[in-house]
1. Limited to segment 51-65, what total is found for residues that are open to solvent by 60 Å² or more (accessible area, probe 1.4 Å) and not in a loop (DSSP other than H, G, I, E, B)?
2. Within segment 66-83, is there a residue that is within 10 Å of the ligand (Cβ to nearest atom), more than 14 Å from Phe5 (Cβ to Cβ) and crowded, with 17+ Cβ neighbours inside 10 Å?
3. Filter segment 31-50 down to the residues that are open to solvent by 50 Å² or more (accessible area, probe 1.4 Å) and more than 15 Å from the ligand (Cβ to nearest atom) and list them by number.
4. What do you reckon, is Gly28 open to solvent by less than 60 Å² (accessible area, probe 1.4 Å) and modelled with pLDDT under 95?
Amino acid sequence: MNTKFHKDRLPNPLEYFEQNGFPLVGQGEWRSAICPFHGDTKPSLRVRIETGAFRCLACGEKGGDLLAFHQKRFGMSFKDACIALGVWG
Ligand SMILES: [Zn+2]
């Protein structure tokens, strides 16, 4: 059991995506953004603003929360992504 991981400290998904250069378009629970995982030209990435879960309708990249997104985007380990998002320690 890992006691150093504090998931409750994860940033608000809406603010995280906006602040990291992924403005979310649309309304409701799932919104759209430009996908960073392929050469996207239209917003193909679907993001659930409540949890940060994401799925790209074009390239199929997906994950369950902001940590998964951060890991994939920067090629980080789980721990490094936790540190980067301030939920470790
Ligand atoms: Zn994609």
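1. 2
2. No: zero hits.
3. Scanning segment 31-50 gives Arg48, Glu50.
4. Values: open to solvent by less than 60 Å² (accessible area, probe 1.4 Å): yes; modelled with pLDDT under 95: no.
The answer is no for Gly28.
The values are calculated or read from the model by the stated rules, or taken from the named source; none is laboratory data. Not measured: the values here are computed from a predicted model. No Cβ is skipped: glycine too gets one built from the backbone with ideal geometry, and neighbour counts run over all protein chains shown. These area figures cover heavy atoms from the full protein model, side chains too; ligands, DNA and RNA do not enter into them. Shrake-Rupley method; radii C 1.70, N 1.55, O 1.52, S 1.80 Å.
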